[in-house]
Amino acid sequence: MESKKYQRLCFAERVIIETLLKQEKTYSYIAKQINRNRSTVSRELATWMRKPGDRYIAELADFRARDNYLNKRNLDKISSHKPLKIYVYRGLLRKDSPEQIAGRIKLEHPNNPLMSISHEAIYTHIYHYNQGKLKRKLIDLLLYSKYKRRSRKAIKPKKDRIKDALSIDKRPKHVDLRIEPGHWEGDLVIGIKQASAIATIVERKTRFVYIMKLKNRKSNTVTKAFKNALKNLNGGMKKSMTYDNGFEMTNHKWLTKKTGMTVYFAHPYSSWERGTNENTNGLIRRYFPKNTDFNKVTEEQIRAVQNLLNNRPRKVLGFYTPAEKLKMEIDISTKGYSDDFFSSKSCKKIIGNNLS
């Protein structure tokens, strides 16, 4: 048996309710006359008759009900409350993520329910309400600027695509704590029409990043680029790499043989397991947006962006830069070296020009 779909009271029903109330009929009697449940009539009248002497006026009740319905349908909380809207938009203009905005507003307005919003409500405001050109501008303020949100329905993982791949489940648990350097996360940043790409590898503890220009996305090309980027680091700085399930890492055994790094693979569709690399790629996208053709980007441009990111103070590092943190870790792992070492050619080969 199909469940009966609820329908709101119409104006004619409200006129009947008003007329029968004047005749002092009971709620049950009124409900039978309009073929409704008694609770429907009770809720309707409770809205308008809260104290003795209150009157139920059908025309006023119908107008207010339709107005409330339209507001609920077409206005979200951000659009309904101007101070909240200003706060959210200012955060987006600062390039704060919806999660950061939602978390910060709770600290600044802890006892104000009107100044409270979830990050999902902010995304809904941006994506689901018809705002014309404003919608596109708001999406452009998001870190990844995706014009369609990915469905949150579960995606069935595919079978193992890379031979002899070591799951991230087998990675030592202490790697999660970032208590030692030498554990890296890698990925590709894809150019327009999937026709070009650059490779990125980020050290988990120091957030130091290498960015590599690629001729193609073949596994031999990608793994060789990683090997060349890391060749000047000592063994203590090359312990593991965590990667996604891209075919460009099918040559992972060769990379392990050449660098000594064990390569672990994250679960399919689990980008948060390589969160450091994902966040860094988001920063790179600010300089190389999605319409970039990396075939036209020069090595000098890539190196300039790499140096900018590695010399950028990071709150997570106590406002040290990744280059400074990497220098500290190299200092610890190469005991006995003097300060002169860090201005030498050997050191500059390791971290490029990031110490200047």
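The values are calculated or read from the model by the stated rules, or taken from the named source; none is laboratory data. Keep in mind it's a predicted model, so treat the numbers as computed, not measured. Glycine gets a Cβ as well: all are built from the backbone with ideal geometry, and neighbour counts include every protein chain shown.
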Original post:
Any idea how many residues of region 197-214 are within 24 Å of the chain's Cα centre (by Cα) and part of a loop (DSSP other than H, G, I, E, B)?
Top reply: 5
Subject >> Of all residues in region 51-88 being aromatic (Phe, Trp, Tyr) and in contact with a helix residue (DSSP H, G or I) (Cβ under 8 Å, 6 or more places away or on another chain), the one that is modelled with the highest pLDDT >> reply: 87
**OP:** Please state which one of 289, 313 is more than 19 Å from residue 192 (Cβ to Cβ) and assigned to a loop (DSSP other than H, G, I, E, B).
**Re:** 313
**OP:** Might you check whether a residue that is in contact with a Lys or Arg (Cβ under 6 Å, 6 or more places away or on another chain), outside the structural domain of residue 95 (by TED's automatic domain parsing), within 19 Å of residue 204 (Cα to Cα) and surrounded by fewer than 21 Cβ atoms within 10 Å (Cβ to Cβ) occurs anywhere in region 291-306?
**Re:** no
Original post:
Considering only residues of region 244-257 that are out of contact with any Asp or Glu (no Cβ under 8 Å at 6 or more places or on another chain) and surrounded by fewer than 16 Cβ atoms within 10 Å (Cβ to Cβ), which is modelled with the lowest pLDDT?
Top reply: 247
Original post:
In region 215-237, what count of residues is obtained for those that are over 30 Å from the mean Cα position of the chain (by Cα) and within 16 Å of residue 302 (Cα to Cα)?
Top reply: 1
**OP:** From (1) surrounded by 15 or more Cβ atoms within 10 Å (Cβ to Cβ); (2) closer than 27 Å to residue 193 by Cβ; (3) without any contact (Cβ under 8 Å) to a residue 24 or more places away in the chain, pick out the condition that doesn't hold for residue 320.
**Re:** (2)
